[in-house]
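Below is one structure; the comments refer to it alone.
The values are calculated or read from the model by the stated rules, or taken from the named source; none is laboratory data. Predicted model only: the values in this text are computed from it and were never measured. Here the Cβ is made from the backbone with ideal geometry for all residues, glycine too, and neighbour counts use every protein chain on show. The accessibility values were calculated without ligands, DNA or RNA, using every heavy atom of the protein model including side chains. Shrake-Rupley method; radii C 1.70, N 1.55, O 1.52, S 1.80 Å.
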Amino acid sequence: RSAMTESGEETENKSFRLLGILDVKNTPCARDAILHGAGGSFAIGLLHFLSTSRVRRSFHVGFAGFMLTTLGSWFYCRINNAKLRVQQRMIQDGIKNKVVYEGTVLDPTNRPQGGKPSSAS
């Protein structure tokens, strides 16, 4: 192998781990949640500092804001992803049933109209 190939493989396999446990690159919603948390912590900490001029307490408020914003964004994203997966599964089942039952007596699109008179006479 050449050195170019080996370095290319290393960059593809490397991912960012937060605290050594959370793989941010491969975990759904993790990147967005951390970015929202960072922005939220900065905004909350800065607003608290500007209103009180207490540095240490503003840091603590900012850190609490980071935790709350990150967790809130994480759960919101995960719930929306779960809803989307359920909708996709329902659509896939509907398409599968349409293909299986198309042209048979069980096809709901070919049901006879019960209340309409026939065209004869």
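Looking only at the range 44-62, decide whether some residue is modelled with pLDDT of 90 or more and under 16 Å from the mean Cα position of the chain (by Cα). No - not one qualifying residue is present in the range 44-62.
From Gly20, Gly65, grab the single residue that is closer than 25 Å to Asn81 by Cβ, at pLDDT below 60 and open to solvent by less than 100 Å² (accessible area, probe 1.4 Å). Residue meeting the stated conditions: Gly20. Residue check: is Arg89 in contact with a helix residue (DSSP H, G or I) (Cβ under 8 Å, 6 or more places away or on another chain), over 14 Å from Ile34 (Cα atoms) and open to solvent by 80 Å² or more (accessible area, probe 1.4 Å)? So Arg89 does not fit the description; no.
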